[in-house]
Amino acid sequence: MAVAPVLLAATGDDFTGGKAQARDLIERHRFSEALDLALKLNKRVPDDIETYVLVTDVRIALGQYKQAEESCQEMLDLRPNDPGAMSRAAMLREIFGNPAGAAEMWRGAYQRTQDKTERARILTSLARLDRMGGRKDAAARLLGQALQIEPGLIAAHEEQGHLWMARGEFPKAAESFRRADNLYRAAQALEKAGSPEAAQAWTDFERGALAIVEQPKNRNRELALYYAGRGANAAKAIGIARREAAVRQDVATLEALAIALEAGGLKQEAAEVRRKVDSVQ
């Protein structure tokens, strides 16, 4: 029922409306439909940067990293200094295990955009790279700047939680993760802190995640990891992980599937999934 209007937008006069529909499909995790529409829009107007962005974003979500790299390069060839193109190139370089190259692209994108939310997101991405590289003080400074620009940016609060975890400040990490609405990580942080609130936090996470299993915006990856570990229900972990992997096959989703399969004793299948993950970098 939902396919007909999407196809109409791709073949009718409303090009802008078609792009809005593609974004909506991505938001609802209907990635295959989003890719089909984005490719049609891209073919229709080959020099429109936003359609390249849509194609690249969907291919990243689907784990089609080689094709995402190709569409990203086409963007850069068309508009070398476009901040959207540079940001996607940075994402892919990080996925491919090139943090220095990613940082270079993020900085270039930051210099070329005046959008305050986008600037805060870029600073958050740079902070993540610094944290993962062991540069915790530099990461903290960047996150401070990001949150000064955009105090409610969820990604910045989540990254701040990871930074507090790296510093061993588990109660502070839990608070940051709560602000980011990441109850899974908040429960982990409380458990690390030895807090009596940890047990209830896990219960709250499980109840909330189960309530949205079938929704586009869900916590299925985290729920699969929970059941593969603390929740001690490998069958549930595998079922939920398989469900999510049927929708998208990005690195994080495949990693969760591999962990779930290992918990269920399906070592050979888990190894095959891990090979797919390792082949990306």
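Each value in this text was obtained by applying a stated rule to the coordinates, not by laboratory testing. Note that this is a predicted model, so its numbers are computed, not measured. Using ideal geometry, Cβ is built from the backbone for each residue, glycine included, and neighbour counts are taken over all protein chains shown.
Judged by the mean number of other Cβ atoms found within 10 Å, the most tightly packed of the peptides 207-215, 177-185 leads the ranking 177-185, 207-215.
Of the cross-linked pairs Lys116/Lys192; Lys66/Lys116; Lys136/Lys217; Lys116/Lys217; Lys40/Lys217, those separated by over 28 Å at the C-alpha level are Lys116/Lys192; Lys66/Lys116; Lys136/Lys217. For the chain, the relative contact order works out to 11 percent when only alpha carbon pairs closer than 8 Å and six or more residues apart are counted. Between Asp47 and Glu197, full extension at 0.36 nm per residue minus the direct alpha carbon distance yields a gain of 48.6 nm.
Charges were assigned to the Cβ only: +1 to each Lys and Arg, -1 to each Asp and Glu. The resulting dipole of the range 212-281 about its Cα centre is roughly 120 debye. Applying the criteria of a DSSP loop state and at most 16 other Cβ atoms within 10 Å to the trypsin sites (Lys or Arg not before Pro) of the range 114-151 yields Arg135. With neighbour counts taken as other beta-carbon atoms within 10 Å, the residues Val280, Val58, Val53 rank, fewest first, as Val280, Val53, Val58. In terms of overall dimensions, the C-alpha atoms belonging to the range 212-281 reach 31, 24, 16 Å along their principal axes, ordered largest to smallest. Here the spin labels are modelled as points 7 Å beyond Cα on the Cα-Cβ line, and at Lys116 and Phe96 they lie 3.5 nm apart.
For the chain, the longest principal axis of the Cα atoms and the long axis of helix 170-179 meet at an angle of about 40 degrees. Each label was represented as a point 7 Å from its Cα along the Cα-to-Cβ direction; for Arg243 and Ile212 these points are 1.4 nm apart. By other beta-carbon atoms within 10 Å, ranking Val247, Val55 with the fewest at the front produces Val247, Val55.
Each of Met132, Met86, Met75 has some number of other Cβ atoms within 10 Å of its Cβ, and from fewest to most they run Met132, Met75, Met86. Partner aspartates and glutamates whose Cα lies under 17 Å from the Cα of Lys172, excluding those fewer than 8 positions away in the same chain, are identified as Asp137, Glu158, Glu159, Asp181, Glu191, Glu197. Once Rg/Rh (Cα atoms, Kirkwood Rh) is calculated for the structure shown, the corresponding label among (1) 0.98; (2) 0.95; (3) 1.25 turns out to be (1).
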